[in-house]
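The structure appears right after this line, and notes come after that.
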Amino acid sequence: MPRRFAALRSFCLVALAAALAACAGAPPPAAPAPRPGPALRSVVLMLDGVPYPVMDSLVRAGHFRGFAPPARMVSPFPSLTGVAFRDIWREPLSPGYEDLYFDPERNELRGGALDHFFGGDAEPGFHRHVEVAGSSLVTSMAYLLPAPFAKRELAELRSGILKRAETDSAIVAYLVSTDAIAHRGGREPLVETVLGVEAMVDELRSRYPGVRIDLLSDHGNDLVPTRPVELLAALKAAGFHPSGHLRRPDDVVVPRFGLVGSVAVYADPASAPRLAASLAGLEGVDLVVHEDEAGRIHVAGPAGRAVIEADAALARFRYTPESGDPLGLAPALARLRAGGALDASGFAADSSWLRESESTPYLDGLRRIVLGLRGAVRNPAAVLVSLAPGYHFGSAAATRVVQVTGTHGSLRTTSSSAFYTSTAAAPPALLRSDELLPLLPAAVRAPAPRRAP
């Protein structure tokens, strides 16, 4: 009976999407010419899920004229929307990595799809900065039928910005369906959607000469078709009991939301080493990380095992391979040692590790792993899993309904490389997401509450 119900639910979702696609195809009424009001000085446009290589290639090809070469912006780990945009806007920590999260105090899962798309009890987080966005219906349906609903959302965004410009001189807008296109359509449809953004930006610059435009994304995308990783089966085979609560030593809670390249596993801390070992060799698992009682972080995967240590300020890190080299940092370690950058205890400066990691598959891997377990959310997981390109984990219902052409969430550089560009001054070539806010216009950085969309 549960399987029949799930299949019926999936069919209903698809049927609803098909019925609404006709609505998506009809553009909204044309936005009227702007009324006299304050001169529009700046627009910050947040594009969910647009990878740095896509924007960089478009700028190099002559698109987005007047914009500086984009910066590669490194997302946190896990490279997920809520975690990344929270970092960009320097918001207080969210309760979990995704909208469905485990609350240890209540010992239960909270949030979920309804909160994600329609509000509910979800915390506003970075959304408090957004003044123009697509309707909840359109943004939610974009993940089922991305092409028509992406066009609809972009049309809604254009109308909303022009309407808002009648009263505001600075606007923050947010486009979700670029992420849906990347997940479901791949690179070519994503490029087409970003070119639609370019057309809207060109119109804004024509209507409002001198307006400053800032474009940014939250994370990247591997843009590789994926299949599910059999993570829950591996946990059961190792003697763990997936549940919605932690009552017994072998209970584990694994929130399933979206279809992404990372997994947060909540468990008794004493079980973390055995839990990590049970997943490190699983097909589709790239890295498994957990922290021990001494504050050392253990990294394991097909390429070996290592330990990460950091000082309290995260200003210095030590990387110690135990067997193999899971993060591909052994050559960097040798260069740092030869160059005298390691101190007597084997620690090197954060800036040195960032620079040396650029040629590895895990850009800024040491710092991002430490923060993922300590500072990314209020309720960090006991174990974090980074999946290999070509694999995803998440909602069982979504897995049955959709085919995934690419995803994000992992520690991989491809999954974590967002972008930032502006018609103002050129940004640094590389920056972390928590370094972006001072580069944005002062009008959108003001701590005073912003007007609601």
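Do we find a residue being part of a helix (DSSP H, G or I), of a type in the set (D, E, K, R) and open to solvent by 40 Å² or more (accessible area, probe 1.4 Å) anywhere in region 164-183? No: region 164-183 contains no residue that is part of a helix (DSSP H, G or I), of a type in the set (D, E, K, R) and open to solvent by 40 Å² or more (accessible area, probe 1.4 Å).
Among the residues making up region 235-270, those that are open to solvent by 20 Å² or more (accessible area, probe 1.4 Å) and either over 23 Å from Val377 (Cα atoms) or of a type in the set (A, V, I, L, M, F, W, C) (or both) are Lys236, Ala237, Ala238, Gly239, His241, Leu246, Arg248, Pro249, Asp250, Phe257, Ala270. For region 346-362, the criterion of a residue being closer than 21 Å to Thr81 by Cα and not small (Gly, Ala, Ser) is satisfied by at least one position. Does Ala338 satisfy the condition of being among the small types (Gly, Ala, Ser) and more than 28 Å from the chain's Cα centre (by Cα)? Answer is yes for this residue. Of everything in region 58-101 that's free of Cβ contacts under 8 Å to residues at least 40 places away in the same chain and farther than 24 Å from Val130 by Cα, which residue is least open to solvent (accessible area, probe 1.4 Å)? For region 58-101, the residue satisfying everything is Gly62. Look at Ala381 and say whether it is open to solvent by 30 Å² or more (accessible area, probe 1.4 Å) and modelled with pLDDT of 95 or more. So Ala381 fails the test. Annotation note: of Asp214, Asp222, the sole residue that is at pLDDT 95 or above and either outside any loop (DSSP other than H, G, I, E, B) or in contact with a Cys (Cβ under 6 Å, 6 or more places away or on another chain) (or both) is Asp214. Could you please let me know if Leu231 is crowded, with 21+ Cβ neighbours inside 10 Å and over 27 Å from Phe126 (Cα atoms)? The answer is yes for Leu231. What tally of residues in region 147-178 results from selecting those that are under 19 Å from the mean Cα position of the chain (by Cα) and under 13 Å from Asp48 (Cα atoms)? Here the count works out to 7. Remark: pairs (first residue in region 228-253, in a loop (DSSP other than H, G, I, E, B); second residue of a type in the set (Ser, Thr, Tyr) and at pLDDT 95 or above; Cβ separation under 8 Å; 6+ apart in sequence or on different chains) = Val229/Tyr391; Ala238/Ser278; Phe240/Ser271; Phe240/Ser278; Leu246/Tyr266; Pro249/Ser271; Asp250/Ser271. Pairing residues of region 170-187 that are within 18 Å of Arg152 (Cα to Cα) with residues that are among the acidic types (Asp, Glu), at Cβ distances under 6 Å and at least 6 apart in sequence or on separate chains, gives Val176/Asp48; Ser177/Glu153; Thr178/Asp48; Asp179/Asp48. Scanning region 311-338 for residues that are in a strand (DSSP E or B) and surrounded by fewer than 22 Cβ atoms within 10 Å (Cβ to Cβ) turns up Arg316, Arg318, Thr320, Pro321, Glu322, Ser323, Gly324. Of the candidates Leu387, Leu371, the single residue that is in contact with a Phe, Trp or Tyr (Cβ under 8 Å, 6 or more places away or on another chain), touching a residue at least 12 places away in the same chain (Cβ under 8 Å), open to solvent by 40 Å² or more (accessible area, probe 1.4 Å) and under 30 Å from Pro242 (Cα atoms) is Leu371.
For the residues Thr413, Thr423, the requirement of being surrounded by 22 or more Cβ atoms within 10 Å (Cβ to Cβ), in contact (Cβ under 8 Å) with a residue 12 or more places away in the chain and within 26 Å of Ala68 (Cβ to Cβ) singles out Thr413. Against the list (1) open to solvent by less than 10 Å² (accessible area, probe 1.4 Å); (2) without any contact (Cβ under 8 Å) to a residue 60 or more places away in the chain; (3) closer than 24 Å to Pro441 by Cα, the condition Glu153 fails is (3). Report whether or not Leu366 is touching a helix residue (DSSP H, G or I) at 6+ places or on another chain (Cβ under 6 Å), in a strand (DSSP E or B) and under 27 Å from Ala270 (Cα atoms). Spelling it out, it is not the case that Leu366 is touching a helix residue (DSSP H, G or I) at 6+ places or on another chain (Cβ under 6 Å), in a strand (DSSP E or B) and under 27 Å from Ala270 (Cα atoms).
The values are calculated or read from the model by the stated rules, or taken from the named source; none is laboratory data. Owing to the predicted nature of the structure, the values given are computational and were not obtained by experimental measurement. Cβ atoms come from the backbone with ideal geometry, glycine included; neighbour counts cover every protein chain shown. Heads up: the accessible areas ignore ligands, DNA and RNA and are worked out on the full protein's heavy atoms, side chains in. Shrake-Rupley method; radii C 1.70, N 1.55, O 1.52, S 1.80 Å.
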